[in-house]
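Everything below concerns the one structure shown next.
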Amino acid sequence: MTTDLFLNIDASSINWARAQFALTAIYHWLFVPLTLGLAVIMGICETCWYRTRDTFWRDTAQFWQKLFGINFAMGIATGIILEFEFGTNWSNYSWFVGDIFGAPLAIEGIVAFFMESTFVAVMYFGWKKVSPGFHLASTWLTGLGATISAWWILVANAWMQYPVGCAFNPDTMRNEMVSFLDVALSPFAIDKFCHTVISAWIIGAVFVVAVSCWYLMKKRETKLATESIKIAATVGLVASLGAAMTGHKSAQSVSEVQPMKLAAMEALYDGGPEQGLAIIPGVKVPYALSFMATNDFAGYVPGINDILNGYAKSDGTLEPSVDEKIERGKQAITALANYRKAKKEGADPALLNEYLSTINSNMKYFGYGYVKDKNDVVPPVWVNFWAFRIMVGLGCLFILFFAVILAVTYKFPKALLQKYDITTLPDWHYWVAILLVPLAYIASESGWLVAEFGRQPWTIQDMLPTWVAVSDVEGFSVALTFFLFLFLFTLMLCVEINILLKQIKKGPEYTN
Amino acid sequence: MDRKNVFYRIYDLYVDGFRSMTLGRTLWAIILIKLFIIFVILKLFFFPNFIKEHASEGEEPEFVATQILNQQ
């Protein structure tokens, strides 16, 4: 099988390019959410120090800042590799999206460099150099800088899922930005940002609770662990509830913009009104899917077959069948080819305008012109179905987990929890908290699986399928760099975890 | 230099900060090695700009048009 895989490697260059991109994105996403989550918790710890001037809080803040720094250092530049891959493996895509994708990424780079590097320096080097207020502001601004960076990356990603604020230029073969605000403040981007960043806080909270529980299990750093658990569990509970709410809003965005993704998430083949939400195959919560997608228990949710064959939307408009979209896509491609040929030959402007008109009126279905079989526009259903359930299931588990942790920590309700002390629980309680760290990552990566598998086969929704976006590169060279990355990423991850564990084992450095 | 001068204070923040690093030295070493691998080895030898390699300046739209339109 291995021999066959390598002999036929060119035929699968697109799969290697996709696998490489997925590997790099998943690796990059190991660092980003912990950076965003720890930023909030270390900011709160330092705020406690600023308000009380108790050195315990400064030591606690410095300890979490140290772990933040290790994670930050390991994550630096891992996202740059994605941009390299755009230029080499996805060159048609890179050219086709042009400035629209480039602008948010450029802003992200500038913001990340100037804001984060400035305030990170003050945060680590400035304890005895700047005023407490300025230092506190720098700590929060470090987190804000990372969050703003995430904003621009998510704007770029959201545009691929919901291309707005652009117009295709057949002369340059690029989509050009016509409204920066439409791109930057796309409702899809806002929903994606809120859900992604809030869910990142959950990872930070789970991590802090887990490290604290390890200390409690080892009967050391009791005060730091207890106080950190109070802060992290509060952040975690708020974030878990927030993730549920923003997830509901995201589902509505998806149902409007990418109904095929929602249908795949639910393995819903034949839709209709009053749809139930599947917990597992065959077990449904009545009306819940309709409510999740439309905010109406009787709302209409199209299934995969409805989308393939065309359906009437809730506002009465008709969504064309995929066959019709394929036809319109072919018209756009033919008109584009004719336009470019005619322009070279110096054809009559009236003829050029006719081609332009055909291109513009069918451009939103441009990508369908490359679809040979209408079933090719159905994303992998089982991946979406289970990834969605893993994400939501673990999200519900985190709500319960943080609520229980807070109840035990604050002994509320008193009658029930009086006898429990968070510092003297049996070890298996602490192990449960520690084992939730990988689950938090699995939940977060599952969310990305839903987002990215669910929009297949599109690199740009409805406009550019993956097999047109990919470069005409040799599959072997992509496979080679895939395994090179796999080796490098594994090595770097081992180094990070090793440094992180050593510092956790070493513990905080107390002033007194 | 006047030690109250804002530029001196910024300079002092960075110089003193870098000098007194402990764990930071290891992290910086890892960052620099990583940046070298990413920008020198990976970028130069494994990730060329595909379009620039196949189309001269100004010819990129024609190259991409050929790539995209021929796939129908």
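Roughly what angle does helix B:60-69 make with the longest principal axis of chain B, taking Cα atoms, 0 to 90 degrees, to the nearest 10?
60
Would you kindly work out the equivalent ellipsoid of the stretch A:330-473 from its C-alpha gyration tensor and give its semi-axes, the square roots of five times the eigenvalues, largest first in whole Å?
The equivalent ellipsoid of the stretch A:330-473 has semi-axes of 59, 14, 12 Å.
Please sort by residue number the chymotrypsin sites (Phe, Trp or Tyr not before Pro) in the stretch A:120-188 whose DSSP state is loop and whose Cβ has at most 13 other Cβ atoms within 10 Å.
Of the chymotrypsin sites (Phe, Trp or Tyr not before Pro), not one in the loops of the stretch A:120-188 has a Cβ with at most 13 other Cβ atoms within 10 Å.
Among A:Val120, A:Thr294, A:Ile405, whose Cα sits farthest toward the positive end of the charge dipole of chain A (+1 at Cβ of Lys/Arg, -1 at Cβ of Asp/Glu, about the Cα centre)?
Of A:Val120, A:Thr294, A:Ile405, it is A:Ile405.
For A:Glu176 and A:Ile497, compute 0.36 nm times the residue count separating them, minus their Cα-Cα distance, and round to one decimal in nm.
Net length gain for the segment: 111.3 nm.
Do the sum for chain A: with -39,500 (n - 2.57) for every DSSP H run of n ≥ 4, divided by all residues, what is the mean residue ellipticity at 222 nm, to the nearest 500 deg cm²/dmol?
Only helices count here, giving -24000 deg cm²/dmol.
Along its three principal axes, how long is the protein assembly as shown when you only count alpha carbons? Whole Å, largest extent first please.
Sorted from largest, the Cα extents of the protein assembly as shown read 84, 67, 51 Å.
So, how do all the Cα-to-Cα distances of the stretch A:85-239 break down into 5 Å bins, in percent, from 0 on up?
Taking every Cα pair in the stretch A:85-239, the percentages come to 2, 9, 12, 13, 15, 15, 11, 9, 7, 5, 3, 1, 0, 0.
In whole Å, how far is the Cα centre of the stretch A:184-240 from that of the stretch A:245-319?
The stretch A:184-240 and the stretch A:245-319 have Cα centres spaced 31 Å from each other.
A:Arg51 to A:Val432: extension gain in nm, 0.36 nm per residue of separation minus the Cα-Cα distance?
133.8 nm
Give me the distance in nm between label points sitting 7 Å out from Cα along the Cα-to-Cβ direction at A:Ser361 and A:Thr147, one decimal.
Placing both labels 7 Å beyond Cα along the Cβ direction yields 4.7 nm.
Hand me the GluC sites (Glu not before Pro) from the stretch A:445-512 located in a DSSP loop with no more than 12 other Cβ atoms within 10 Å, in residue order please.
Sites meeting the loop and neighbour criteria: A:Glu509.
Output needed: percent of Cα pairs per 10 Å distance bin for the stretch A:89-170, bins running from 0 to the one holding the longest distance.
18, 35, 23, 15, 8, 1
Provide the net charge surrounding A:Gly447, with neighbours chosen by a C-beta distance below 13 Å and charges set as Lys +1, Arg +1, Asp -1, Glu -1.
0
Mind listing P(r) for the stretch A:433-512? All alpha-carbon pairs, 5 Å bins, whole percents.
Whole-percent P(r) values from 0 Å outward: 3, 10, 9, 13, 18, 15, 11, 8, 6, 3, 2, 1, 0.
Given R₀ = 51 Å, what would the calculated FRET efficiency be for A:Phe483 paired with A:Lys414, taking r from the Cβ atoms and rounding to 0.05?
That pair, A:Phe483 with A:Lys414, gives E of 0.30.
Ignoring everything except DSSP H segments at least 4 long, calculate the 222 nm mean residue ellipticity for chain B; use -39,500 (n - 2.57) per segment, divide by total residues, nearest 500.
After summing the helix terms and dividing by residue count, I get -17500 deg cm²/dmol.
With the convex hull built on the Cα atoms of the stretch A:320-373, state its orientation-averaged projected area in nm².
3.5
If eta is 0.890 mPa s and T is 25 °C, what Stokes-Einstein diffusion coefficient results for chain B, Kirkwood Rh from Cα pairs, in µm²/s?
Approximately 145 µm²/s, per Stokes-Einstein.
Take the cross-link list A:Lys192/A:Lys325; A:Lys66/A:Lys218; A:Lys261/A:Lys284; A:Lys192/A:Lys374 and give me the ones stretching past 24 Å between alpha-carbons.
Distance filter (> 24 Å) returns A:Lys192/A:Lys325; A:Lys192/A:Lys374.
How much net charge surrounds A:Tyr311 when only other residues with a Cβ under 11 Å from its Cβ are counted (Lys, Arg +1; Asp, Glu -1)?
Around A:Tyr311, the surrounding residues sum to -2.
Can you give the charge dipole size of chain A about its Cα centre, rounded to the nearest 20 debye, using +1 on the beta carbon of Lys and Arg and -1 on the beta carbon of Asp and Glu?
2080
May I have the convex hull volume per residue, in Å³, for the Cα set of the stretch A:268-314?
58
Values quoted throughout were computed directly from the atomic coordinates according to the rules given, and no laboratory measurement underlies them. Quick caveat: nothing in here was measured; it's all calculated off a predicted structure. Ideal geometry is used to build each Cβ from the backbone, glycine not excepted, and the neighbour counts take in all protein chains shown.
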